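Reading through the structure tokens given below for one structure.
The values are calculated or read from the model by the stated rules, or taken from the named source; none is laboratory data. Computed from a prediction, not measured in an experiment: that's the story for all the values here. We place every Cβ from the backbone using ideal geometry, glycine too, and count neighbours over all the protein chains shown.
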Amino acid sequence: MLDALTVALGAAALALAAWCGFAALRNQPTKDWHFIGMAVVTVLVLAQLVVGLVKLGSGERPEQGTVLFVAYLLGAFAAVPAAGLLSLTERTKWGSVTVAAGAVVLAVLEVRLYDIWGTAGA
Amino acid sequence: MPDLPDTDSATAGTAGAPARRERLVSGPGLLLVWLYGVITVGAVSRSAYQISTEFDRAPLPYSLSALAALVYVFITYSLVRGGETARKAARVCCAAELTGVLVVGTWTVVRPEAFPDTTVWSQFGMGYLFIPVILPVTGMLWLRAKRGQV
């Protein structure tokens, strides 16, 4: 469950990055549709956070340490909403570039989360 | 779609200040401050974790990580604050950061045995997609471009 979510989130983050990158190429700021995309990704990350915490609560342990795992979960949760809020203050293509960069950061965090959780919960 | 507040209203909170500071966070500056914010969170949490749990294992890399984190915090704060003084201070710190990345990067390549664990700046920031070495260069270019616009 957690692994599937992590993989799905990695893909979703890259898709969001490509989408917002495309908006930037066309010289557009982030629009309502982009924010809906960000919301979808954020809901997925929230689900991942909950599933991760529930797994910890039920006694499963990530391979590389619990503190690291929780820190990365929280970082992943914050990345896209923070970039989205920033893009509200910059209504140019640079807002879109920033969200794209935030989504890439999320994708990297998901790869790390996958490693940190390891095979323990597979 | 409703038009969202533009950049003017975003600075409205500081409008009461005696001399309005020049915004450094606009256009490409937003991306810059976002990346600095991300790397700051990364570096601060990394060094806090390392120093609190296993400082004795690798004191040198962990101290360098903490130093890097402080530099990142200061640059991010300066960029957000804006204004001529902050611009100059941030430029100096970007130069210090670049020096740090180059020195520590070279150090880790030449004398890897001094580094039982990695720092943010190891191998020129390879573990962080080379962002640590790219950021100060773009940062300095950006801050130079903003010179004299106060």
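Among the numbered criteria (1) surrounded by 21 or more Cβ atoms within 10 Å (Cβ to Cβ); (2) within 13 Å of the chain's Cα centre (by Cα); (3) among the hydrophobic types (A, V, I, L, M, F, W, C), which single criterion is violated by B:V104?
(2)
Kindly list the number of the only condition in (1) surrounded by fewer than 17 Cβ atoms within 10 Å (Cβ to Cβ); (2) of a type in the set (D, E); (3) under 17 Å from the mean Cα position of the chain (by Cα) that fails for B:D117.
(3)
Could you say whether any residue in the range A:93-105 is more than 10 Å from the chain's Cα centre (by Cα), over 15 Å from B:V38 (Cβ atoms), more than 8 Å from chain B (Cβ to nearest Cβ) and assigned to a helix (DSSP H, G or I)?
Checking the range A:93-105: at least one residue is more than 10 Å from the chain's Cα centre (by Cα), over 15 Å from B:V38 (Cβ atoms), more than 8 Å from chain B (Cβ to nearest Cβ) and assigned to a helix (DSSP H, G or I).
State yes or no: is A:V50 closer than 24 Å to B:S45 by Cβ, out of contact with any Lys or Arg (no Cβ under 7 Å at 6 or more places or on another chain) and at pLDDT 95 or above?
Values: closer than 24 Å to B:S45 by Cβ: yes; out of contact with any Lys or Arg (no Cβ under 7 Å at 6 or more places or on another chain): yes; at pLDDT 95 or above: yes.
So A:V50 fits the description; yes.
Just name the residue that is nearest to B:M140 (Cα to Cα) out of those in the range B:81-92 that are within 12 Å of the chain's Cα centre (by Cα) and buried (at least 20 other Cβ atoms within 10 Å of the Cβ).
B:R91
What is the number of the single condition among (1) part of a helix (DSSP H, G or I); (2) within 16 Å of B:V73 (Cα to Cα); (3) touching a Ser or Thr at 6+ places or on another chain (Cβ under 9 Å) that B:V120 does not meet?
Status for B:V120: all satisfied but (1).
Within the range A:1-48, how many residues turn out to be among the polar types (S, T, N, Q), more than 10 Å from the chain's Cα centre (by Cα) and surrounded by 13 or more Cβ atoms within 10 Å (Cβ to Cβ)?
Result for the range A:1-48: 2.
Can you say whether A:W19 is farther than 12 Å from A:V99 by Cα and aromatic (F, W, Y), as far as the supplied structure shows?
Numbers: farther than 12 Å from A:V99 by Cα: no; aromatic (F, W, Y): yes.
Here the answer is no, as A:W19 does not meet what is asked.
Hey, can you tell me all the residues within the range A:63-84 that are within 14 Å of chain B (Cβ to nearest Cβ) and under 15 Å from A:D115 (Cα atoms)?
Across the range A:63-84, the qualifying residues are A:Q64, A:G65, A:T66, A:V67, A:L68, A:F69, A:V70, A:A71, A:Y72, A:L73, A:A76.
Which of the residues belonging to the range A:50-62 are out of contact with any helix residue (DSSP H, G or I) (no Cβ under 7 Å at 6 or more places or on another chain) and either surrounded by 13 or more Cβ atoms within 10 Å (Cβ to Cβ) or within 14 Å of chain B (Cβ to nearest Cβ) (or both)?
Within the range A:50-62, A:L53, A:E60, A:R61 qualify.
Is it the case, given these coordinates, that A:L74 is part of a helix (DSSP H, G or I) and in contact with a helix residue (DSSP H, G or I) (Cβ under 6 Å, 6 or more places away or on another chain)? Steps first, please.
On the way: part of a helix (DSSP H, G or I): yes; in contact with a helix residue (DSSP H, G or I) (Cβ under 6 Å, 6 or more places away or on another chain): no.
Judged against the criteria, A:L74 is not a match.
Could you list all residues from the range B:24-81 that are within 14 Å of chain A (Cβ to nearest Cβ) and not in a helix (DSSP H, G or I)?
B:L24, B:V25, B:S26, B:G27
Results for (1) closer than 12 Å to A:E110 by Cβ; (2) in contact (Cβ under 8 Å) with a residue 24 or more places away in the chain; (3) of a type in the set (G, A, S), shown as yes or no for each residue.
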site	(1), (2), (3)
A:L2	yes, yes, no
A:L5	yes, yes, no
A:A11	yes, no, yes
A:P29	no, yes, no
A:I36	no, no, no
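For the range B:110-144, which residues satisfy the criterion of being at pLDDT 90 or above and of a type in the set (A, V, I, L, M, F, W, C)?
Within the range B:110-144, B:V110, B:V133, B:I134, B:L135, B:V137, B:M140, B:L141, B:W142, B:L143 qualify.
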